[in-house]
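Peer 1: Sending over a structure as structure tokens; questions will come in a sec.
No lab work stands behind these numbers, since they all come straight from the coordinates. Computed from a prediction, not measured in an experiment: that's the story for all the values here. Glycine gets a Cβ as well: all are built from the backbone with ideal geometry, and neighbour counts include every protein chain shown.
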Amino acid sequence: MANAIYQQPILNNKLHHRELSRNYQNQQDESGYSIDDLIHQHPNIPELTAILGKSEEMPILFDLVDPRPGSILIVNDHLPSIRKLMTVMMKSLVRFSHATSLQFITISHYPEKWMETIQFFDPQFSYCAGVSGEYEKSAEDWIHYLARKAEDRLSGRNLGPAAILFIDDCELISHLDIQARLNYEWLLAYGAASRIWVVSGLDLRKNPDLLQPIDNYKTRIFGHVDRNLSSTHAKFIPAGISEQLQPERNFVTKIGSNWVRFWAPKLQGN
């Protein structure tokens, strides 16, 4: 089935995009929409596709069928903004996928808060396979389980639904045991090839010197970063691009050879 949505910016497409710099009024106009607005405007988004936001009138999508984007890191100076973008991804995947084809797991400092959030759009937890706190044994168990699952799939065994591991603050990985950390690094490198994805967040205000994880992620999405912190990620994104980003829901990522700025949609109550 062919429709126009396949031609929109997806994280693996090499498309030409308009200049990133637009006046402030245009930015404000583009930012004033909700995730329900975007879903209504683009009802034919393919299954196993997550919405990230939109750039002008074009939706920015993440295709879980194509392994090329690899693991994803969301870099910001405001952890709630990272969590909101992850929530947008989860909510859109629930809208455009079947529970038999997709499962996601969340590991966080705040598992109770995530349980409350997810219950609004996945009330029976049909898509959410688990939510774990950083100090719970289940957090390490999930990482071990997904690494084994990915290895089996790469060997042609144990096929099953796509899976996403959401970790809203990658700093918590340092609190896990050595085997869990090694399995996590293995998932970053090889998981996407077996449709097991890692989407993690990095709060530079909380961890200004935590640079090493950035190198381990194939796709990087940058949000607003305070000028005092911007030097910590200067080698990963041109300063002229990062300085254009507005706080909260404004992000930029590299698609092909182009830097594409987009606005994440508002959630209920934003």
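Peer 1: So if we plug the beta-carbon distance of residue 157 and residue 44 into 1/(1 + (r/R0)^6) with R0 = 41 Å, what FRET efficiency do we get, rounded to 0.05?
Peer 2: The computed FRET efficiency comes out at 0.75.
Peer 1: Considering every pair of different Cα atoms, what Kirkwood radius, in Å, is found for segment 50-93?
Peer 2: After inverting the pairwise mean of 1/r, the radius is 11.5 Å.
Peer 1: At 0.36 nm per residue, and after removing the present C-alpha to C-alpha distance, how many nm does the segment from residue 99 to residue 174 gain when stretched out fully? The partial results should precede the final answer.
Peer 2: Numbers: separation 75, 0.36 × 75 = 27.00 nm, distance 3.12 nm.
The residue 99-residue 174 span can extend by a further 23.9 nm.
Peer 1: Let me check the size of segment 117-270 from its C-alpha atoms; what are the radius of gyration and Dmax in Å?
Peer 2: Expressed in Å, the Cα Rg and Dmax of segment 117-270 come to 17.0, 49.
Peer 1: Want the number for residue 148 to residue 57: 0.36 nm per residue separation, take away the alpha-carbon distance, what's left?
Peer 2: Value of the extension gain: 28.7 nm.
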